[in-house]
Each structure stands twice: as structure tokens, then as C-alpha cells.
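Here's the structure, in C-alpha cells; my notes come after.
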Amino acid sequence: MPDETTYIMPTPSRATKPRIFEFAENQREKTGLKNGFDLSDLVKRNRGNLSYIGFMDDDQTDAIVVEPDGSFRIRLSSHTGALRDNFTIAHELGHLLLHWPLVRKNNPRCGMRATRKVDDTNEALRRCEWEANWFASAFLMPEKAFSLAYKAGNASETFGVTQSAVEVRAKTLGLND
């Protein structure tokens, strides 16, 4: 009988928001990502796959599951559109790049599972969610290019994200002041 894999929750990096923004933009440059719509190809090139949660599935939690060998799968809600999915994929990639290395280092034979629904009383998991959101925001909407697109009024279309994501990024960068 094969061994059951143990899945560990993410471990926060504890990096600062500016450092995560810088890391995310550097990762974007390395991948050659042009916009959110290129994410599915990026996932596939890096031993990952995407799946959609069926309307009738008991477990409706979108998540990333990383296997001990580093391969991964991202589950997306069947109730959201492409622009929202792009942010979710980038968020889950944030968990992969920020949190998986720490989990693997401390638990070499385990996998990792991160869900977007976390216990609000668990500070470490709340921190992981913030870090993954910071990563996704900067990965999808790098500061310089975003500032130009935002001022031109076409950031959502340029980066393949929702208007809500655009507004949060603009606020974070102080573009609404």
C-alpha cells in the first residue's frame, strides 16, 4: 500500500510588502509574462495544472496543492470569470514561490496545501494570504507599466485583471492621491 502524503499548510515568508513586490516583479521578468491570460501556459511549463471545481462538487475551495516532488495543481472556482481567475492563479503561484520552499525545507517528504478560506484566528495563515495577494498584485501589474496603463484608463484590459484588482493596486501605489 503506497504511503499517504501529508500536506502541510503554508509557512509565511515574513518578507515585507515592498520586498514581495520586488520579488514578484523579478519573477514576472524571468518568465516573460505579458498579461494574465498567459498564466495557464506558465503553469503548464512549470509542472503544474489547472482544474475547475464542478458546480456539484462537495469541496468548493479553490486552492493550490503542491506534491512533495514540486509538481502542483491549482483548483479554480467554476463560478468566476477569466479576469478573476487570473488573479487567483497568480495568488496561488505566490504560495508556490513564497511558501513552498519553507514548507519543503522543514518537511522534505510532505506536500503543501493552501486554500483561500482560512481561519481568521490563525495569524500565520492570514499572513500567507496577504503575502500571496501582494505577490499576485505585483506579478500581474508591475508598478511602472501599471502606472502608465492606469493613467491611460486601460489597466484592466492591459493586465487581464478585474477592475477591483486595478483599484486595489492603484491605492497601494498611491495613484489615487
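The values are calculated or read from the model by the stated rules, or taken from the named source; none is laboratory data. Note that this is a predicted model, so its numbers are computed, not measured. Cβ atoms come from the backbone with ideal geometry, glycine included; neighbour counts cover every protein chain shown.
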>> Take TRP134 and tell me if it is out of contact with any Asp or Glu (no Cβ under 9 Å at 6 or more places or on another chain) and closer than 15 Å to MET9 by Cβ.
In response: no
> What residue, of GLY111, GLY94, is farther than 17 Å from SER77 by Cα and either of a type in the set (Phe, Trp, Tyr) or crowded, with 24+ Cβ neighbours inside 10 Å (or both)?
Replying inline: GLY94
>> What's the total number of residues in the range 104-163 that are part of a loop (DSSP other than H, G, I, E, B), out of contact with any Leu (no Cβ under 8 Å at 6 or more places or on another chain) and closer than 30 Å to LYS34 by Cβ?
In response: 5
> Within the range 79-122, which residues are over 19 Å from GLY48 (Cβ atoms) and of a type in the set (S, T, N, Q)?
Replying inline: ASN106, ASN107, THR121, ASN122
> Hey, does the range 1-17 have a residue that's more than 20 Å from LEU125 (Cβ to Cβ) and modelled with pLDDT of 95 or more?
Replying inline: no
> Of these, ARG104, ARG109, ARG73, which one is more than 21 Å from PHE21 (Cβ to Cβ), free of Cβ contacts under 8 Å to residues at least 40 places away in the same chain and touching a Ser or Thr at 6+ places or on another chain (Cβ under 9 Å)?
Replying inline: ARG73
> From the set of residues in the range 126-156 that are of a type in the set (A, V, I, L, M, F, W, C) and over 14 Å from the mean Cα position of the chain (by Cα), which is surrounded by the fewest Cβ atoms within 10 Å (Cβ to Cβ)?
Replying inline: ALA152
> What residue, among those in the range 56-83 that are of a type in the set (D, E, K, R) and modelled with pLDDT under 95, is surrounded by the fewest Cβ atoms within 10 Å (Cβ to Cβ)?
Replying inline: ASP58
> Which residues, taken from the range 22-53, are of a type in the set (A, V, I, L, M, F, W, C), at pLDDT below 95 and in a strand (DSSP E or B)?
Replying inline: ILE53
>> List the residue pairs whose Cβ atoms are under 6 Å apart, where the first residue sits in the range 158-174 and is within 17 Å of ILE20 (Cβ to Cβ), the second is polar (S, T, N, Q) and in a helix (DSSP H, G or I), and the two are 6 or more positions apart or on different chains.
In response: ARG169/SER137
